[in-house]
Every structure is written in C-alpha cells, then in structure tokens.
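The values are calculated or read from the model by the stated rules, or taken from the named source; none is laboratory data. Worth saying up front: this structure is predicted, and the values here are computed from it rather than measured. Note that each Cβ is placed from the backbone with ideal geometry, even for glycine, and that neighbours are counted across all protein chains shown.
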C-alpha cells in the first residue's frame, strides 16, 4: 500500500500535535491498566498522576533531542543513535522527578531491607524506568518517521499553465526561476539527501516541527529528523533562492505565488496551494525578494 500526502495540505498532523496526542493516549492506557504502584489511588488521581509522569518524561526527552541537535556532530549520527541517546538522557533527568513524586504521594514501596544510598536508589529507579521510557520514545518516533519519510505525492501536482499542445508554459516566473541544475537533482545538501528520491530537489518550503523538519517540494512532502536551523544554513551556503519568513518557516523564492503580496491573514500563498505564515518581524526580509 502506498500512502500519499498532498503538498497543498498544510493541515497535516504535526509532530507537536502527534506528541500531545500520544501523551494522552499513553497516560490513559496506563491509568486503565492500573499498575500496582497506583492501585490505592482513585481513577481520577491515577489519570492526573500518569498524565503528569508521561508528560514530564516525554517533554524532557524532547528537550534533550533539541539541545543535542545544536551540536554539529550529533545530527549526523544515525537516526536510531540520536533518538536512543536523547531518550536515555531524558530518562536519567526524569528519574529524580519520579522519585520525588512517588515520595510526595506515598507511592514508594515499603521495604524491609537496609536503607540504600541515594545513588543506588537512583540506579534502581533508572533501571526500572529507562526500558519502557526508551521504548516509548523510540516507538513514537518510529511511527512518525515510518508514516512520514518516504510518503510522497504522485498526483495532484501544482497547476501550471499549458499551451494547446499540452506542454508546460516555461514563460511563467515560477518555471523560469527553477534552474535546470536544481531540477536535475544536483542540489547536494545533507538534508536534501535525506528526502525520498521521488520528491526531487525542487524545494517549495521548510517548516520546523521541534526536532523534525517538514520539507515540501513540488512533488510532495516528507518529515525528516534534521535541525531546521541547520537546513536553512545549508540553503544559504548553497545560494538557494529563498527567505525565512517565520522562525519556523522558510520558503523558496521561485514558488511564491505571483511574487506579489501577503493576503489579509498574514499568510504567504505558494504555487502548490500551500499557505505559510509570515511573522511581522520577517516581513521586511520578504519584501526584499518580492
């Protein structure tokens, strides 16, 4: 089965929304399973407890991933290595929170053994927390990557003017500005190499989704595990015609619809039907290329 994404659909489920939805689902499942550690709590108390636990854990992991991506060597690692490290470090930072919360609510199990030193207690809790936590983190990212990387559009391409013989009108600014070397796939950038080959290298826009970057091309879109800021730097270094119009969005100059002005809602209309928001402080940058 081949899944297809419409490049004009700007309402694709983003990673932040997917993460929030996953947190709610995981917390709900654990609440209903009712593990022994929280059996003394009411269902409402369990729901709040596990929602806080799961939220804290995954948000710490997310923060670690964003922080590590700022280091140049890290984002060049294999995907599984990046996620495993950020997940493990997130679990390490979460353990003190988990221990503190258990003690506050009196959920730490009574023991008849001799008191443990703090580091033994820490290691014991880490050994208990890290396997399921790391599995959840890797699993969520695997689901998202499996459902996003490699999904491409094979129909519903942007409308282009054609003459009576059915050939594409190359006189339009959009078609003229897409250089032959870009369309031939000679754009050799690390983040472009992460795209599925069917998407090509004729970029339309980039959007940041936390530690992911959603890349739109004339043929579709894909979600890649790559720092948005680094991708923008690579485009600038390569001299690719485009402009960052928002802290989380970049657009290719040759795909701005008619290269005119923003609509009343403060969104930029691309020639694929995609709408990209423009921040006020970036309007001056945009006006220089329109």
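Reported count of residues in segment 55-81, each being assigned to a helix (DSSP H, G or I) and either in contact (Cβ under 8 Å) with a residue 60 or more places away in the chain or in contact with a helix residue (DSSP H, G or I) (Cβ under 7 Å, 6 or more places away or on another chain) (or both), is 15. Could you please let me know if residue 52 is more than 20 Å from residue 139 (Cβ to Cβ), assigned to a helix (DSSP H, G or I) and at pLDDT below 85? Answer is no for this residue. Taking segment 35-70 as the range and being surrounded by 13 or more Cβ atoms within 10 Å (Cβ to Cβ) and farther than 19 Å from residue 83 by Cα as the test, the residues that pass are 37, 38, 41, 45, 46, 47, 48, 49, 50, 51, 52, 53. Exactly one residue out of 289, 245, 251, 215 is part of a loop (DSSP other than H, G, I, E, B) and touching a residue at least 12 places away in the same chain (Cβ under 8 Å): that is 289. Considering only residues that are in a helix (DSSP H, G or I), surrounded by 20 or more Cβ atoms within 10 Å (Cβ to Cβ) and either assigned by TED's automatic domain parsing to the domain that holds residue 84 or over 18 Å from the mean Cα position of the chain (by Cα) (or both), which ones fall in segment 218-242? Answer for segment 218-242, where residues must be in a helix (DSSP H, G or I), surrounded by 20 or more Cβ atoms within 10 Å (Cβ to Cβ) and either assigned by TED's automatic domain parsing to the domain that holds residue 84 or over 18 Å from the mean Cα position of the chain (by Cα) (or both): just 235.
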